1. What spacing in nm lies between the two simple spin-label points modelled at T231 and W150, each 7 Å away from Cα in the Cβ direction?
2. Where Lys and Arg each count +1 and Asp and Glu each count -1, what net charge lies around W150 among other residues with Cβ under 15 Å from its Cβ?
3. For L219 and A159 in the same chain, what is the full-extension length gain: residue separation times 0.36 nm, less their Cα-Cα distance, in nm?
4. Taking a cut-off of 22 Å between Cα atoms, list the lysines near K264, but don't count ones fewer than 8 places away on the same chain.
5. Mark the label point 7 Å from the Cα of S239 along Cα→Cβ and return the residues of the range 164-179 whose backbone N is within less than 17 Å of it.
Amino acid sequence: MTQQGQPTTIRLLMAVALGAAIAGCTTMPWESTPFYNNAPSATTSLANVPVPAGFYRVNPGDTLAGIASAYGRKPQEIAAWNGLPVNAAVAPGQVLRVSPPMPSGSVVTPPAAVAPGAPVAPGATANVPPGAVPGAPAPAAGPQQGVLQWPLHGPILRAFAPGKSNGIVIGGQPGDPVKAAATGRVVYAGTGIEAYGPLIIIKHNDSLITAYGQNSQLLVKEGDAVAQGQTIGEVGVDSRGAASIQFEVRQNGQPVDPLQWLPKPGG
């Protein structure tokens, strides 16, 4: 087997093992391997340097288009603000301007330890932790109604029940868009866990994670930065033929009732 094929094989073997484990218990996939845990992402040489407001530090797997989408901008805008070609590749640790230049006369000092040549300039979130996505909800001690938005509007087919179910099942129509409940970063997007079908897991901060199971299509990939309300998948059909998604929320590694975090229906 080639070295290039080894990581893929290892991930497949991990997925098979996770599928076998989840079939006999109610633990979520991110509990079964460090890949899904709540530990901060690996640091880089710039990890301890605060990012000024309006900057974004590039993470592994980021693209100019993906960063632009996360901030509701056009790739051409991000490229122009940073003096880059619109199809330029970006490197982990690179700091980019992600909001328009400030009016003439306003001065914001870029981080002193930014690598020479890394494009920087002023602009909307400061002191973003390594691996986090600007705009993601801040860590909270307890449930906060309305912090998350509904990933799909439809009837609740199954409610949260501690020890019996780790989330809720929301009904819909096949192909309906599935939306990110909050800004964050995709830490898993795949089909390696049979019980969840095509599954997306998004990490919003060091304590909050959401999962979206039973999609028909996955429209994001691991490492993508996503904005709240961004379409990340499409509704699929479960083993009983019901069009729905499984939506789960974990705070500090523990399953919590998604309804405590979502806006009240009709609100």
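Every number in this text was worked out from the coordinates using simple rules, so none of it is lab data. Worth saying up front: this structure is predicted, and the values here are computed from it rather than measured. Cβ atoms come from the backbone with ideal geometry, glycine included; neighbour counts cover every protein chain shown.
1. Calculated label separation equals 1.8 nm.
2. On the way: positive: K179, K264; negative: D176, E248, D257.
Cβ neighbours under 15 Å give a net charge of -1.
3. On the way: separation 60, 0.36 × 60 = 21.60 nm, distance 2.63 nm.
So the chain would gain 19.0 nm between L219 and A159.
4. The qualifying lysines are K179.
5. Hits in the range 164-179 for S239 at 17 Å: 164-167, 169.
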